[in-house]
1. Of all helices (runs of 4 or more DSSP H) completely enclosed by the range 324-411, which ones contain at least 3 residues that are not aliphatic (A, V, I, L, M)?
2. Across the range 373-385, what is the number of residues that are of a type outside the set (D, E, K, R) and open to solvent by less than 20 Å² (accessible area, probe 1.4 Å)?
3. What number of residues in the range 293-318 are more than 24 Å from residue 85 (Cα to Cα) and within 20 Å of the chain's Cα centre (by Cα)?
4. Given 319, 368, 357, 324, which one is under 20 Å from residue 245 (Cβ atoms), in contact with a helix residue (DSSP H, G or I) (Cβ under 8 Å, 6 or more places away or on another chain) and open to solvent by less than 20 Å² (accessible area, probe 1.4 Å)?
5. Under the condition of being at pLDDT 85 or above and small (Gly, Ala, Ser), which residue from the range 278-315 is surrounded by the most Cβ atoms within 10 Å (Cβ to Cβ)?
6. From the set of residues in the range 80-99 that are closer than 16 Å to residue 233 by Cα and under 23 Å from the mean Cα position of the chain (by Cα), which is modelled with the lowest pLDDT?
7. Run down 144, 106, 127, 139 and say which single residue is open to solvent by 30 Å² or more (accessible area, probe 1.4 Å) and closer than 16 Å to residue 58 by Cα.
8. Taking the range 223-251 as the region of interest, how many residues are open to solvent by 60 Å² or more (accessible area, probe 1.4 Å), in a helix (DSSP H, G or I) and either in contact with an Asp or Glu (Cβ under 8 Å, 6 or more places away or on another chain) or hydrophobic (A, V, I, L, M, F, W, C) (or both)?
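The values are calculated or read from the model by the stated rules, or taken from the named source; none is laboratory data. Being a predicted model, the structure only gives us computed values, none of them experimental. Neighbour counts run over all protein chains shown; Cβ positions are idealised from the backbone, glycine included. Heavy atoms of the whole protein, side chains included, go into the accessibility calculation; ligands, DNA and RNA do not. Shrake-Rupley method; radii C 1.70, N 1.55, O 1.52, S 1.80 Å.
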Amino acid sequence: MDRRDNIASLLPPLLKGRIARGAAGTLGLRVFHAGARFLIALAFARTLGAAGFGAYSFAITWIGVLSVPAILGFEGLLVREVAGYQSGERWGLLNGLILRSRQFALGGSVCTVVAAAVLAWLFEGDLEEQMATAFSIGLLALPLVALVRVTQAALMGLHRVVPAQIPETVIQPCLLAIFFGIALVLPGVGVQAPLVVGLFGTAMLVALLVSTALWHALQPPDIKRAKPEFATPEWLRSARTFTLISGIGVLGPSLGVIMLGSMAGAEATGIFGVASSAAALIALPLLAINAPLAPTISRIFTEGKREELQGLATKAARSALLLSLPVALVFIGLGHWVLLLFGAEFTDGYGVLVILSLAQVINAGMGSVGVLLQMTGHERDVARSLAIAVSFNVLANLFLIPLWGVNGAAVGAAGNLVIWNVLMAVTVHRKLGIRPTAAG
C-alpha cells in the first residue's frame, strides 16, 4: 500500500478508485501547501508587519489576477480537452494543443506585463510607495506563473493529478521559505515587501523548470511521436469563455485585497489577507476532490452515464463537507488565538475569519458545481453566475468598506461565494438533471 492509499483510508468511504487516490494525493499536497503557506505568512507578517505584509499580499494577489489574461483560458481548456483527446487517442490534436497553449501563455503574459506596467506608471501616485514597488517587481514573475499553470493543467488532463501539482504546491513554497531565511541572516539585507516578492518570482522559476521536466518524463510516447495538429479557432472560442470564468473566479476572492489596498491602505490589506488566507484552508478538501474529479466528469458525461454522474457528485459534496466542517469550527471558536500568532494587530481580522468560515462551509456543502458545468460544456453558465456574484462583491465593497473596513470586505467576499454557489447549483440541476449538493 503506497502513501496515497494510506491517506485515502482517512477519507470518508465515499470516493473510490482513481478519484479517491487522486483526491487523497491532492489533499496531502494541499495540506502541505497550506501548512507551508501558513508558516510563511506567519514569518512574513512578523517580519514585515501589517503594512509590509499588506504590500506583499497586494502584489501577489495582482499576479493571480493578471495570470488570467496571460493564460487566456487555456488552463481550464487543457484539463477538459486533453482528457478527451487522450480517451479518443487523438494524439496529433493533443500535441498541437500543448504547443499552442504554451505559445499563447508566453505571448499573453508578455503583453499583460507591458500593459500593467504602463498602467502602474500612470497611476503610481495613487498607491503607497512600498505597494507600488512590490507590484512592479511582481510583474516579472507573471510569465513564469502562466507557463507553470498550463503545464500543470496538461498533466492533470492526463490524470497525472499529483505530480502536476508538486512544482507549485511543494517546490515553490519550500524554496520561498529557504530564500527568505537566507535573506534574513545575510548581513546588510533589508527584508521588505519588494524583496520578498522578488524571492517569490525566483522560486517560481525553479518550479517552472521542474514542471517542464515532469511533462517530458510523464507524457505518453504517442504524444511525442504524433505530428502536431491544430484546431486553433475552435480552441480560442472555448478559451474565451474559460478566460471569463477564470477572470471572474479569481477576481471574486481577490477583490477584498485589491479594493482594501486602494481604499484603506496596506495595513487593512494585511489584516484582511491573513484572515482570508486562513479561511481558505476550509476549502482544501473540495479543491482536492475537484482536481481528479474534473477529467472523470468529462469522461462520464461523454459516455452518457447520468446516474453515475449523480452518485459521484453527491459523494464528492458529502466528502468535502465532512472534511471542511471541523476546520471551520476551530476558526470560529478559536480564531482570535489563531490570528494572535501573526501578531496582536492581526486580531482585528477575527470578524473576517468568522464570516468567511461560514461562507466556506456553504461552499463545501454545495459541491463541485463549477467543475460539473465546465467539464460538460456549460462554461458560459459558469461565467454568467460568476459575473452576478462578483458584481455583488464590488458593490458591497464600495458601500461597506468605508463603513465597516475589513469586515465590510469580508461581507462582500462571503456574499460573492454564497451567491455563486446557489446560482450554480440551480444551473446544474436545470442543465444536467442532477442535484450536486451534499443533500443529494
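1. 350-366, 379-404
2. 6
3. Residues in the range 293-318 being more than 24 Å from residue 85 (Cα to Cα) and within 20 Å of the chain's Cα centre (by Cα): 2 in total.
4. Numbers: 319 fails: under 20 Å from residue 245 (Cβ atoms); 357 fails: under 20 Å from residue 245 (Cβ atoms); 324 fails: under 20 Å from residue 245 (Cβ atoms).
Result: 368 is the single residue among 319, 368, 357, 324 that is under 20 Å from residue 245 (Cβ atoms), in contact with a helix residue (DSSP H, G or I) (Cβ under 8 Å, 6 or more places away or on another chain) and open to solvent by less than 20 Å² (accessible area, probe 1.4 Å).
5. 279
6. Applying the filter and picking the extreme gives 81.
7. That would be 127, the only listed residue that is open to solvent by 30 Å² or more (accessible area, probe 1.4 Å) and closer than 16 Å to residue 58 by Cα.
8. Looking only at that region, the number is 1.
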